[in-house]
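I have placed the structure first, in the form of C-alpha cells, so that the comments after it can refer back to it.
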Amino acid sequence: MSTTQKAQVVLRLQGVTKRFGPVTANENVSFDLHRGEVIALLGENGAGKTTLMNILFGQYTADAGSVELFGVPLPPGAPRAALDAGVGMVHQHFTLADNLAVWENIVLGVDHLTAPSLKPREVKARIRDLSQRFHLKVDPDARVGQLTVGERQRVEILKALYRDARILILDEPTAVLTPQEAEALFATLREAIASGLAVIFISHKLHEVMSISHRVIVLRHGKLVAERATDTTNREELAALMVGAEVSAPTIAASPPGAPLLSLRAVSTPDQGAAPGLKALDLDLCAGQITGLAGVSGNGQAALSDLLSGLIRPANGEMQLHGTTPHRWSPRTAIANGIARIPEDRHKTGTIADFDLTENAILETYATRFSRRGWMNWPKARAFAESLIKTYDVRCPGPDIRIRLLSGGNMQKLILGRVLEEAPDIILANQPVRGLDIGAVNYVHSMLAQARDRGAAVLLISEDLDEIMRLSDVTHVISEGRLSPAFARGTMRPEELGSWMAGHGFDSHGITPGGPDAA
Amino acid sequence: MRLEPIASPSAARRIMPPVLAILATVLVASLLAMVAGGNPFAVLGLILKGAFGSKFALLETLNSATPLIFTGLAIAVAFRAKLWNIGAEAQLYAGAVLTVVLGTGALGLPAYLLLPLCAVAAMLAGAMLLLGPALLKTRLGVDEVVTTLLFNFIFLLFVSYLLEGPLKDPMGMGWPKSARLLPEARLPRIVEGLRLHWGFALALIAALVIWVINTRTTLGYEMRAVGQNAQAAAFAGIPVTRVILKTALLSGGLAGLAGFSEVSGLKGSLTSDLSPGFGYTGIVVAMLALLHPLGVVLAALFVAAIFVGADSMSRAAGVPSYLADIMLASALLFMVLAILLTKFRLRRD
C-alpha cells in the first residue's frame, strides 16, 4: 500500500514515553496505523516493543503522549478500553484454557459459558464461517489441550476476529511455528487486511517482515529510530537499523592476543525446546582478548552460555580448558577452573532476591572461602561483602539489606565484584549491561576491558551491535547454533554482520549445521 | 483499590502475622463459646487455667507440646528448603515402630546402649521414609506433596498390620497393641514423681540444634538458598539435589524422633492411635512459627495449651472441647491470611 493513498487512520500514537526508574522503555514514539495496513514493529529484546503494546492495552500508563483509536483518545490505564474499541492481541504465550473446547475458549470473556442466551450451535456456525473466510482451519469442538501450537495460535486469532477486532496485534507470532504454519499464517493475514483489518506484526525475523508488511517501524532503546516503506528497504538495512549502526570510534584499543585459554572443537549440544543448541561449533577464547558474540537472541547463545557456566556439557565434540579436557563439568568445576560467569538474568539466576548482600556475595565461594568443615564464617563473609561494596561502588545502605532492593546496575556491580575478586582468567559476560543506565553500562564495560588488559579471555554475548563493536577485539556472529568466521576489530561493517545475523553467509562459507538437515 | 507488594517489611511487620493470627483465633473462639452458651471470658480463662493453672496442668502442656516441637521442626526444616513434607505423621510412626522393635529387646542389646540406639534408629526410620519421596522428586519430578501425604495412609495401615501380627503383644488380651518397652528403653522423667519426661528436653535441644544449623552452617545456608531460588543456587554451584536429600533426611529424622519420644517417654508401647495427627498439626506449628526453629517451640506450646486447656475447660464450662480443633484450624487460616496481608498493603487509586 502506498503511503499517499488516503486510508483511514485507525490507530495513532503520539509522543508516547514510558520510564521505569532510570530506564526509558519508550521515548517519544509516534506513528499512525491505517486500515488495511500491516506495520512490522522491529526491534531487539528490550527495545520497547512489548512496553508499547502494554501501553496500548492499558496495562501500563504512559508518562507522556497519547493513544488514539479510530479518532477517539484511549483513556489511560483501562485494560478493557482497547479490547472494546476493537483491538485484538495474540500473545506470544497463549492465553487459552487447555481443558475447554475451542469454541468455549473463543466465547470465554465475551459471554458466560453458562449464560442461557448462549447458543453453542450459532457460536460454532459463526466460528466455522470465520475460519473458512480467513483460512484458519480448526475444529470448534476440539479440546485446546490436544491442539498443536499452530492450531492454538489460530484459535487465538479466531478469538480476536470473533470479537470483531479491527486491529490485530501479533507478538512474535512465528516464533513457535514451523515454516509451513508460518506460511499459512501469512495467508490469513493477507485475507484479514483485504477485508479491512489493520495489523501490527511484532518480530525480529527479517525475512518475514519483508514478506508480510507494508511499513516497518524500527525501535531501538525505546526510540523510534526509523520508519521505512517495506518496498524501499532491504534486510541488511533493517538489520543494521535494528541493532544500531552508528559505529563510534573504538574507545578500547586492541591488544595482541595470547594463547587460547578455552577452546571448543566441533561442539554440539542438544536443542532446548525452541532454542537451538550448538551445531558443531569451533571457538577459541584467547588470553587478553575480548571475543564478541553477536546475534539475534535465541540462536544458541543460551546453549553456549550454559556450556561455559558448567550447567550443560557437550553432547559431541571437545572442550579444552587451559589445554586439557575437564574430567568433570559442573558450575563448581567451572568456577574452580577460573571461569567468571555473569549470567544473562541477574534477578533469577545471578542473585537470590531475598538474600542480603553478604549472602549473595558469597554464593559461589561460601564452600571454599567462607566456611571450614561446614561452619560458616559470617564475619569474614560480611567483611568481604563490605569490601566488594567499596571496591565496586555498589550503592546501598549496607551489606545487610536484601539484594532485591538494589537497582539493576548495583546488583550487576555486586555480581561483577563477586566473580572478578576470584581473579578469573576466563570471563563469560552474557548480556552484562541489558537494562542498565548509561553510568552502570560504562562501569561494567571498563571493568571488562581492565580484566582483558590483565590477561583474561572475555566472551561478551550481546544483542547490541554497538556494544559488540566497541568492546570486542574479535567478533563472531551466532545464528541457529552456528558460528560465523571471526572478524577482527575494525574489519567488520554492520551491514555485513547484519547479513550474518539474518542467517546468510553460512552456506556460502561452507558452514552447514551439523543437524540431520545438513546436506 | 489494589494490593501492592511491600518491598522491605519492617521487623514489627514481620512479627505481626502470628500476633494477628492468634488474636483473630481468640476472637473466633470467643464467638463460638458464646454460641455454645458459655461466657467467652470465662471460657478463655478456663482454657488458660487448664493449660497453665497448676503444676500438673503446666507439665501436661509441656508433655503435649513435645511431639509437636519435633514434628513442627521437621516441617519447618523441610518447608524452608521448599520440600513440602506432609508425611511427618508416617515418619513419626516409623520412628515409633523402630523404637518398639529395639526397645522390647528384639536384638538383645546391652542395656546402656538401648536408649540411644532406639533414638538413632527412630531417626533413621523417619529419614528413610522421606528419602523415597525426595528421590522421586529429584530424579523424576514427582510431586512430594502427593507422595508424602498418601504414604501416611499406607504406613498407618502397615502399622495396624504390625500390631495385629508380628508386633502384637502376646500378653495383650487380643488388643492391637505392642509389648511394653523394657525399662532400660524408657526415657526417664525429668523430676521423679512428675509426668514430664526427658523427651521435652530433647525437643528443646533439637530446636537449638536446628537453629544453629540454620544460622551457622553451610548446610543451613544451602537449604535456604535452594528454598529461595533453586535456579540461582544451581547456577552458583550449590549441589541442589544433594541439599534436598539432606533436608529430607533431617526432616524425616526429626519426625522419627517424635515417635521415639512418645513411645519411650510417654506411652511405653505402640498402639495405632499413638498420634492424633501430630504430623499434620506440625504444619500448623511450623507455619505459626514462620518456620523459625525457636518459634516452633513457642508455637507448639500455644497449640498444646489450647488442646490441654480446652479439655479441662469443657469439663468445667460444658462447651465442647472440639473448640480446640476449630481454634487450631482458624489459627492456620488466619496465619496464611496474615502473612499475605503483611506482605502487601492496600492502596487506593
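Laid out as a table, the results:
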| quantity | calculated |
| --- | --- |
| Relative exposure of A:Leu83, A:Leu33, A:Leu428, judged by other C-beta atoms within 10 Å (fewest first) | A:Leu83, A:Leu33, A:Leu428 |
| Neighbour-count ranking [beta-carbon atoms within 10 angstrom, fewest first] of A:Ile461, B:Ile154 | B:Ile154, A:Ile461 |
| Cross-link reach list, lysines versus B:Lys137, counting only Cα pairs under 27 Å and skipping chain neighbours closer than eight places | A:Lys348, B:Lys82, B:Lys246 |
| Inter-centroid distance (Cα atoms) of the range A:382-409 relative to the range B:176-239, Å | 34 |
| Per-residue mean of C-beta atoms belonging to partner chains within 10 Å, peptide A:348-356 | 5 |
| Residue-wise HN-Hα coupling along the range B:306-323, computed from phi with Karplus coefficients 6.51, -1.76, 1.60 (Hz; x: Gly, Pro) | 4, 5, 5, x, 5, 4, 6, 4, 5, 5, 7, 9, x, 8, x, 6, 6, 3 |
| Among B:Phe200, B:Phe235, B:Phe56, residue whose mean-square fluctuation peaks in a GNM of chain B (springs only between Cα atoms under 10 Å) | B:Phe235 |
| Those aspartates and glutamates that a straight Cα-Cα span of less than 16 Å connects to A:Lys137, excepting residues fewer than 8 apart in one chain | A:Asp129, A:Glu151, A:Glu156, A:Glu181, A:Glu183, A:Glu191 |
| Normalised contact order of chain A, rounded percent, pairs of Cα under 8 Å and 6 or more residues apart | 15 |
| Exposure proxy ranking, count of Cβ atoms within 10 Å, fewest first, for A:Thr148, B:Thr138, A:Thr475 | A:Thr148, B:Thr138, A:Thr475 |
| Cα-centre dipole for chain B with unit charges at Cβ (Lys and Arg positive, Asp and Glu negative), debye to 20 | 860 |
| Amide H within-cut-off set for A:Val10, under 5 Å, with H built and near neighbours excluded | A:Leu33, A:His34, A:Arg35 |
| Long-range HN-HN contacts of A:Leu42 with modeled amide H, under 5 Å | A:Ile217, A:Val218, A:Leu219 |
| Chain B shape via C-alpha gyration tensor axes, a/c threshold 1.5 | oblate |
| Whole-Å distance, taken between Cα centres, linking the range A:334-348 and the range A:420-434 | 7 |
| Cα shape, the protein assembly as shown, gyration tensor, a/c 1.5 rule | prolate |
| Rg(Cα)/(2.2 N^0.38 Å) for chain A, N = residue count | 1.07 |
| Averaged over B:224-234, number of beta-carbon atoms from partner chains that fall within 10 Å | 5 |
| Test item: A:304-313 mean partner chain Cβ contacts at 10 Å | 1 |
| Amide H contacts of A:Val199 (H built 1.01 Å from N, under 5 Å, at least 5 apart or other chain) | A:Glu37, A:Val38, A:Ile39, A:Leu168 |
| Estimated vicinal HN-Hα couplings, Hz - the range B:83-91 in sequence order (Karplus 6.51, -1.76, 1.60; Gly, Pro = x) | 9, 8, 7, 9, x, 4, 4, 5, 5 |
| Phi-based couplings in Hz for the range A:321-326 (Karplus 6.51, -1.76, 1.60; Gly and Pro marked x) | 10, 6, x, 10, 8, x |
| Cα centroid separation, the range B:319-335 to the range B:106-120 (Å) | 40 |
| Violating pairs (Cα-Cα greater than 18 angstrom) within the set A:Lys124/A:Lys159; A:Lys390/A:Lys413; A:Lys18/B:Lys343; A:Lys49/A:Lys159 | A:Lys18/B:Lys343; A:Lys49/A:Lys159 |
| Taking the range A:9-243 and dividing mean pair separation by its residue count, relative contact order in percent (alpha carbons under 8 Å, at least six apart) | 29 |
| Unit charges at the beta carbon, dipole of the range A:342-423: most positive-side option, A:Pro399, A:Met376, A:Phe355 | A:Met376 |
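Quick note: the coordinates plus some simple rules give every number you see, no bench work behind them. As the structure is a prediction and not an experimental result, all values here were calculated from the model. Positions of Cβ are generated from backbone atoms using ideal geometry, with glycine treated the same way; all protein chains shown enter the neighbour counts.
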